[in-house]
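What follows is one structure encoded as structure tokens, with my remarks underneath.
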Amino acid sequence: MQDSINLENFISHALNEDIGDGDHTSLACVPADELNKAELLVKDSGILAGVEVAEQIFRHIDPELSISFFLSDGVEIKPGDIAFEVSGNARSILKAERLVLNCMQRMSGIATATARYVRLVSDYKCKVLDTRKTTPGFRELEKWAVRIGGGVNHRFGLYDMIMIKDNHIDYAGGIPEAIKRTKNYLNETKRNLKIEVEARNLGEVEQIIAAGGVHRIMLDNFTPEGIKVAIDLIQGRCETEASGGITEETIANYAASGVDFISVGALTHQVKSLDLSLKAIP
């Protein structure tokens, strides 16, 4: 379950964006006191996600709506499955319809993709991570969907972890200086944040090890063989993460290298939404 205040804020903003000064189609042709039912019809195979979000959307719009759930977040689904049934004021159902579908379709697509990647590395110790390659304003739900699919969230934003990447290194004047400044900053501001540093080659791995005080090294665009060499250099002194263009076809080879984490931006920025539909019940 996500932070309820953040979720409520998201729903309010999304509904304001969609409804504006009124759902004039429903206001024009659906009687105000019309009662009806609708069901969430699955038209794709995958992992269901966003059921809890849908419930919050319906409750936000109309607390009098009644919802019967048949499937929960994280279950495998197939065409023809019914996730839930909602009944009550027809205008309220119509007002909620598109936001419910937009959230559930995208979240289910992300959960489905994540589950595929997680299955591919199930024989190894590594965990599959998401990234910050998310949709602005939708990050919290996208990262929630990753967890539903069995993945692990990387940092949520720029504020909850120090992650020194290539541009930071170049702007700071090199790895030793970037790490030194970071340690000073954390001491001065009395912040307790984990430090991750990106390495583009084995020479940079050696520089990071020499500087010390790093929680994790990101091995960016390394081959699986190169990662094995890097892990031998690191000797368990910090966690390791493989990153950079890793696909479903290559992830198992990276996992076999012994790396602790594999980050996959495609989980959120290249995903295909699942086909779901909210259908009126005659």
Note to self: Helix 202-211 against the longest principal axis of the chain: what's the angle in degrees, Cα atoms only, rounded to the nearest 10?
What the structure shows: 80 degrees
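So for Ile195, Ile162, what's the accessible-area order with a 1.4 Å probe, most first?
On the way: Ile195 10, Ile162 30 Å².
Ranked list, largest accessible area first: Ile162, Ile195.
How many percent of the accessible area of the chain is carbon or sulfur, using a 1.4 Å probe?
On the way: 6790 of 13940 Å².
That share works out to 49 percent.
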Note to self: If I model a spin label at Lys279 and Lys125 as a point 7 Å from the Cα along the Cα→Cβ vector, what separation in nanometres do I get?
What the structure shows: 4.9 nm
Check: Hey, what number do you get for the chain at 222 nm if only DSSP H runs of n ≥ 4 count, each worth -39500 (n - 2.57), divided across all residues, to the nearest 500?
Finding: -13500 deg cm²/dmol
Check: Going down the list Lys78/Lys125; Lys133/Lys279; Lys143/Lys279; Lys43/Lys143; Lys78/Lys279; Lys125/Lys190, which pairs span over 25 Å between their C-alpha atoms?
Finding: Lys78/Lys125; Lys133/Lys279; Lys143/Lys279; Lys125/Lys190
Next item on the list: Take Tyr159, Tyr254, Tyr171, Tyr185 and sort them by solvent-accessible surface of the protein heavy atoms, 1.4 Å probe, largest at the top.
Entry: Tyr171, Tyr159, Tyr185, Tyr254
Notebook entry, point to check: How far, in degrees from 0 to 90, does helix 51-61 lean away from the longest principal axis of the Cα atoms of the chain, to the nearest 10?
Noted result: 50 degrees
Notebook entry, point to check: Extent of segment 17-104 along each principal axis, from alpha carbon coordinates, in Å, largest to smallest?
Noted result: 38, 25, 21
Notebook entry, point to check: To the nearest 10 Å², what's Thr25's accessible area with a 1.4 Å probe?
Noted result: 100 Å²
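Can you give the net charge of the other residues whose Cβ lies under 14 Å from the Cβ of Leu186, counting K and R as +1 and D and E as -1? Intermediate results must be reported in sequence, preceding the final value.
Working: positive: Lys180, Arg181, Lys183, Lys190, Arg191, Lys194; negative: Asp160, Glu188, Glu196.
Overall, the nearby charge balance is +3.
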Check: Got a sec? Charge dipole of segment 123-282, +1 on Cβ for Lys and Arg, -1 for Asp and Glu; which of Thr182, Gln235, Ala255 is way out at the positive end?
Finding: Thr182
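Would you mind getting the accessible area per residue of the chain, heavy atoms of the protein chains only, 1.4 Å probe, in Å²? Don't skip to the end; give the middle numbers.
Details: 13940 Å² over 282 residues.
Counting only protein heavy atoms, the per-residue value for the chain is 49 Å².
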Next item on the list: Name the residue farthest towards the positive end of the dipole of the chain from the options Leu65, Ile209, Ala266, assuming +1 on Cβ of Lys and Arg, -1 on Cβ of Asp and Glu, about the Cα centre.
Entry: Ile209
Notebook entry, point to check: Helix 90-120 versus the longest principal axis of the chain: what is the Cα-based angle in degrees, 0 to 90, to the nearest 10?
Noted result: 30 degrees
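What percent antiparallel are the DSSP beta bridges of the chain, to the nearest 5?
Within the chain, antiparallel bridges account for around 50 percent of the total.
Roughly how big is segment 18-119's charge dipole about its Cα centre, with Cβ charges of +1 (Lys, Arg) and -1 (Asp, Glu), in debye to the nearest 20? Numbers along the way, then the final one.
On the way: 10 positive and 16 negative charges, 100 e Å.
In total the dipole reaches around 480 debye.
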Checklist line | Relative contact order of segment 5-132, defined on C-alpha pairs under 8 angstrom at six or more residues apart (%) | finding: 31 percent
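Over the chain, what is the relative contact order in percent, taking alpha-carbon pairs closer than 8 angstrom and at least six residues apart?
Once divided by the residue count of the chain, the mean separation gives 23 percent.
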Checklist line | Reachable aspartates and glutamates from Lys194, criterion Cα separation under 20 angstrom, eight or more residues apart if same chain | finding: Asp130, Asp160, Asp166, Glu177, Glu204, Glu206, Asp220, Glu239, Glu241, Asp260
Notebook entry, point to check: Across segment 162-171, in residue order, what do the Karplus-derived ³J(HN,Hα) couplings come to in whole Hz, using 6.51 cos²θ - 1.76 cosθ + 1.60 with θ = phi - 60° and x for Gly and Pro?
Noted result: 8, 10, 8, 9, 4, 5, 4, 4, 5, 5
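On a full-extension model of 0.36 nm per residue, what is the gain between Ile5 and Ile67, subtracting their alpha-carbon distance, rounded to one decimal in nm? Show your work: numbers first, answer last.
On the way: separation 62, 0.36 × 62 = 22.32 nm, distance 2.16 nm.
Between Ile5 and Ile67, full extension yields 20.2 nm more.
The values are calculated or read from the model by the stated rules, or taken from the named source; none is laboratory data. Source: prediction; values computed, not measured. Neighbour counts are summed over all protein chains in view; Cβ atoms, including those assigned to glycine, are modelled from backbone coordinates with ideal geometry. Quick note on the areas: whole protein, heavy atoms, side chains included, nothing else; ligands and nucleic acids left out. Shrake-Rupley method; radii C 1.70, N 1.55, O 1.52, S 1.80 Å.
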